[in-house]
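Computed from the coordinates by the stated procedures, all read-outs in this text should not be read as laboratory data. Being a predicted model, the structure only gives us computed values, none of them experimental. Cβ placement follows ideal geometry from the backbone for every residue including glycine, while neighbour counts extend to all protein chains displayed.
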Amino acid sequence: MRTNLTTNLRAIWGRAYVRVVGANREPSWLFFEVALPLLASFSFALIYRGMGAPEQYVGFVVVSGAMIAFWQNILWSMAAQFYWEKEMGNLELYLIAPISRMSILMGMAVGGLFMTAIRATLILLIGTWVFGVTYQVSSWLLLTGVFVLTMGAVYGLGMLSSSLFMLFGREAWHTANLFQEPVYFATGFYFPVRALGDLGAMLASAIPLTLGLDAIRQLIFSGTPVNPLFTVKTEMLLLVVATILFNWAALRALRFMENLGKQSGRLTLKGQ
Amino acid sequence: MQWSIETRNLRRTFRDRPVRRLFRRAVGTKVPDKVALESVNVTVKPGELFGLLGPNGAGKTTLIKILSTLLLPSAGEALVDGIDVAKDPDGVRRRVNMVSGGEHSGYGILTVRETIWMFSQFYGVPTKVAKKRADAMIERLNLTESADTKTSKLSTGMRQKMNIIRGFVSDPKILFLDEPTLGLDVGIAREVRAFVSEWIKEHPERTVLLTTHYMAEADSMCDRVAIIDQGRVLACDTPANLKRDLAPDCVYQIEVPLWTETISPLDQMPVVRSVAMEHRGDQGRTHLRVILEEEGGIASVTDRLAKRGARVLSMTRLEPSLEDAFLNLVGHGLSSGNGENGAR
């Protein structure tokens, strides 16, 4: 039991190391990963400014720019990573190792979080400086809690998606592409999700990032009206449920897909 | 006796994908399942360097994938160190590792040392131990100069040396080497072979299962060899015994002018058990490696060649090799040549 735990912890660190080192060895990545998402955030901020929208909307957009970095890391650098690992030949080496598949994904997540945290911080700092955004944080403790829970839930969702990539490879890739823009829209990255109407907002809250973003906005712009979806406490409760649910489902789905792949022979089949 | 590896009536088939199957059913065609392994019974003793010899598509990699828990058997059983691969894959994984030829594992951004360390972590090897083992193997495989180079900058040979170390760094009880010298040049292939042979001598309790289609590699390295073709094990014995099964004075190499017809000039001769043709276009010649049913049949062979207009340019009687044993059992040679990449 203890050996198992130690091996899995080592595996997490081993896989995270690639990401941590990658962030330092290829500084050009940082430039592109900060500069490009900033362009989208700047566009929306300028539109809000141009049309004379309440000033907190500019702040929403800047915060969203930072959160998008995490979402992209989950989708492209963790879930879809299994597809690349399969093509590169790493996946079969992970699968024959005496470790949980969750440890590999956790390693990607931890390493990715490190890399993305730098990127998100830079986006937040540059955006704040350029647009002169001011924040009024009502509770740092709750803010930290919401952030951790949001990450737990969205990374769980990412692990769940990775099971699809593990088996279906390129086919899952196309599906993920298909969902990218609708997800950006439904999570309310660039506007308060309430604007989708009650039903629309309820449906959108199935994506944990929607709830997380909404709660974070409530907590860091506490002095201004943000038209929230639910109260922060309700959103935190829902995020706890989502974290447990997605991580549990990911564990089951990874086992199921692996078994299916071992039966059909698709698990290590490249170029599909 | 507890076998390191044991398979009992192992069978593996591959089905067409469900959508294609439905489509084919709809248009009235039926594609039978592709049989990759059929009733494979193999036993490997602890401490053995066991070879699986067969042409491409023979089922070697399928067998290794089953034994390393990447595939499930369709029928039969596969046991590794006494553990059923289907029932307790985690138990098997704690005991094995695998290296494949032409592997591109790892990440280009990491150095050789870092890559080896990273993979060692997946087996729970403490960092100090992993580094010590890696350093020793890096030195033995003459990889010291490249040890701190990013893997994206490695040549094929250097990369494969790193892969070999990656497989050995976890100190597995049973190691699967799937065509480990594939595509390597003569010198590096020799280094890799020497390394594997030395490792198993130093660790007599460890087992290596090696697949190859290089005859001389199997001959020189393996304690026992299973010859596999079209998913079936045709013979399993020591290389010496496999060769001994051939009667003396029965193996000949005959050189004739370039024979352009697809059918051998010795086709359907009762005295000829099997024949492999190797064309050497640049020399305008064809080499026929002939195995006779009995001694003394060579006269009728030369008669037939003369009748077919294939003038004998030279003829040599050969000591039976593993290739001849293979030819004798399978009825044809390997598509890739014998003794390539310096296997001799």
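List residues of segment B:55-69, by number, whose backbone nitrogen lies under 11 Å from a label position 7 Å along Cα→C-beta of B:VAL31.
none
Please compute P(r) over all alpha-carbon pairs of chain B, binned at 10 Å starting from zero, and give each bin as a whole-number percent.
5, 22, 27, 23, 16, 6, 1, 0
For segment A:2-264, I need the span (max minus min coordinate) of the C-alpha atoms along each principal axis, in Å, sorted largest to smallest.
Between the extreme Cα coordinates on each principal axis of segment A:2-264 lie 58, 40, 37 Å.
At 222 nm, what value in deg cm²/dmol follows for chain A if DSSP H runs of at least 4 each add -39500 (n - 2.57) and the sum is divided by all its residues, to the nearest 500?
Theoretical 222 nm ellipticity from helices: -26500 deg cm²/dmol.
Please build a GNM for chain B, connecting alpha carbons under 10 Å apart, and tell me which residue among B:ARG24, B:ARG190, B:ARG95 fluctuates the most.
Per the Cα network of chain B with a 10 Å cutoff, B:ARG24 tops the list.
Any idea what angle helix B:112-121 forms with the longest principal axis of chain B, computed on alpha-carbon atoms, 0 to 90 degrees, nearest 10?
70 degrees
Filter the GluC sites (Glu not before Pro) in segment B:243-338 down to the DSSP loop ones having no more than 14 other Cβ atoms within 10 Å, then list what survives.
Those satisfying the criteria are B:GLU261, B:GLU293, B:GLU294, B:GLU295.
In debye, nearest 20, what is the charge dipole magnitude of segment A:2-264 about its Cα centre with +1 on Lys and Arg Cβ and -1 on Asp and Glu Cβ, if you could check?
580 debye
Can you sort A:THR234, B:THR7 from fewest to most other Cβ atoms within 10 Å of each residue's own Cβ?
Arranged by neighbour count, lowest to highest, A:THR234, B:THR7 become A:THR234, B:THR7.
Any of B:LYS45/B:LYS150; A:LYS86/B:LYS131; B:LYS132/B:LYS173; B:LYS87/B:LYS173; B:LYS34/B:LYS87 with alpha carbons more than 29 Å apart? Name them for me.
B:LYS45/B:LYS150
For B:GLN283 and B:ASN56, what is the calculated FRET efficiency with R₀ set at 35 Å and r taken between the beta-carbons, to the nearest 0.05?
Step by step, r from the Cβ atoms, then E = 0.85.
Given points 7 Å out from each Cα along the Cα-Cβ axis, report the A:LEU9 to A:ALA195 separation in nanometres with one decimal.
4.6 nm
If R₀ is 22 angstrom, what is the calculated FRET efficiency for the pair B:ASP90 and A:LEU260, using the beta carbon separation as r and rounding to 0.05?
So the FRET efficiency works out to roughly 0.75.
Could you line up A:SER139, B:SER100 from fewest to most neighbouring Cβ atoms inside 10 Å?
Going from sparsest to densest Cβ surroundings: A:SER139, B:SER100.
Residue farthest toward the positive end of the dipole of segment B:247-319, with Cβ of Lys/Arg at +1 and Asp/Glu at -1: which of B:PRO265, B:VAL275, B:LEU318?
Of the listed residues, the answer is B:PRO265.
Which residue fluctuates most in the GNM of chain B (Cα springs below 10 Å): B:LEU313, B:LEU322, B:LEU175?
B:LEU313
Plugging the Kirkwood radius over Cα pairs into Stokes-Einstein for segment A:1-63, at a temperature of 4 °C and a viscosity of 1.567 mPa s, what D comes out in µm²/s?
In µm²/s, the coefficient rounds to 86.
Measuring from a point 7 Å past the Cα of B:ALA75 along Cα-to-C-beta, which residues in segment B:29-43 have an amide N at less than 19 Å?
B:31-42
What's the FRET efficiency of B:LYS201 with B:THR13 using the Cβ-Cβ distance as r and R₀ = 41 Å, to the nearest 0.05?
Using R0 = 41 Å, I get an efficiency of 0.60.
List B:SER170, B:SER274, A:SER28 from most exposed to least, where exposure is judged by having the fewest other Cβ atoms within 10 Å.
Ranking B:SER170, B:SER274, A:SER28 by Cβ neighbours within 10 Å, fewest first, gives A:SER28, B:SER274, B:SER170.
On each of the three principal axes of the Cα atoms of the protein assembly as shown, give max minus min coordinate, whole Å, ordered largest first.
105, 61, 49
Quickly estimate the mean residue ellipticity at 222 nm for chain B, helices only: each DSSP H run with n ≥ 4 gives -39500 (n - 2.57), and the total goes over all residues, rounded to 500.
After summing the helix terms and dividing by residue count, I get -9000 deg cm²/dmol.
Simple spin-label model, 7 Å along Cα-to-Cβ: A:SER28 to B:HIS332 in nm?
About 4.8 nm separates the two model spin labels.
Expected output is a single nm value to one decimal: the length gained when fully extending between A:THR231 and A:PHE147, i.e. 0.36 nm times separation in residues minus the C-alpha distance. What is it?
28.7 nm
Relative contact order for segment B:5-243: what is it in percent, counting Cα pairs under 8 Å that are at least 6 residues apart?
That works out to 29 percent.
Given springs between every Cα pair under 10 Å in a Gaussian network model of chain B, which of B:THR61, B:THR13, B:THR207 has the largest fluctuation?
Ranking B:THR61, B:THR13, B:THR207 by mean-square fluctuation puts B:THR13 first.
Using a simple spin-label model with points 7 Å from Cα along the Cα→Cβ vector, what separation in nm is obtained for A:VAL183 and B:THR238?
The answer from the label model is 6.0 nm.
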